[in-house]
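S.K.: Just dropping this structure here.
No value in this document is a laboratory result; all are computed from the given coordinates. From a predicted model like this one, the values you see are computed outputs, not experimental measurements. Cβ sites come from the backbone with ideal geometry, for glycine too, and all protein chains shown count toward neighbours.
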């Protein structure tokens, strides 16, 4: 068994093959990927080559792990973004070797606490994480709603004015960046973005070919936002017409006033106007706004659940 660093220009095909095998069965939003797409992503200045590792058995790739470092300074966090092993090699020591490499990488890069996720149905991976000293943190919930009849009269704020964000206006990009960071600064999972990171997300989203953002205006200022988008490849692969709620937030001082409801209903109507028949979103059960109650009120139903575990890197040991 050998674990080595990702080789640019060599490992892209096996990387995407492993991810497609790992996620296709239990990740509701997975839409497959290709080596060509990965090569395109690699051109991004923030693509993380450093934290990617490949496990080999008898010289053949059998697993991968992505030890991604998020944020900087005191906000630096470790996230095991991808952790994939071919089914025939699961439980045979591959996971242990990959996790060792990831933990060493996080230590080297000054990360003291790491997260890892998996589907609620992946009992083998959950057992492995718990055996390795990870503790349950929270659940992430994928939800979906039919757009056949978008509801009305749910208490939406009728004084709110919705305006579309213009990505070519620096003021709008800066406003979105400020709102996103301000709305979620109390969320322990939120990683602050810079204005440039927000601009890049708006203009260069590798998944959502079409996307729009809208502001909610009240008292003469922007107090909330919502993003919507469509992943055409996902829709073709799954034979559906699903759009996405690509972020929604309301400033703390303006919550519980029907503004989130107004934004969400506007986003759903916009997706319906684009020909979508359903819409999806995700939320965490640790969300300080308890956004899931809004989604359930509007009519979203649970589609899939995932679990996240955390571990302190200091003194990390992996049982064999």
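S.K.: If neighbour count is taken as other Cβ atoms inside 10 Å, put 18, 98 in order from fewest to most.
M.R.: Values: 18 22, 98 25.
The order, fewest Cβ neighbours first, is 18, 98.
S.K.: Can I ask one more? When a footprinting reagent is the concern and you count Cβ atoms within 10 Å, what order do 12, 305, 36 take, fewest first?
M.R.: Values: 12 20, 305 16, 36 11.
Final ranking by Cβ density, sparse to dense: 36, 305, 12.
S.K.: Sticking with this structure for a sec: Nearest 10 degrees is fine. How inclined is helix 170-183 to the longest principal axis of the chain, computing both from alpha carbons?
M.R.: 70 degrees
S.K.: Can you sort 89, 134 from fewest to most other Cβ atoms within 10 Å of each residue's own Cβ? Write out the running numbers ahead of the final one.
M.R.: Numbers: 89 16, 134 21.
Lowest to highest Cβ neighbour count: 89, 134.
S.K.: How much mean residue ellipticity at 222 nm does the chain get from its helices, if each DSSP H run of length 4 or more adds -39500 (n - 2.57) and you divide by all residues, to the nearest 500 deg cm²/dmol?
M.R.: Calculated mean residue ellipticity at 222 nm is -9000 deg cm²/dmol.
S.K.: Cα axis of helix 12-23 to longest principal axis of the chain: angle in degrees, 0 to 90, nearest 10?
M.R.: Result, in degrees: 70.
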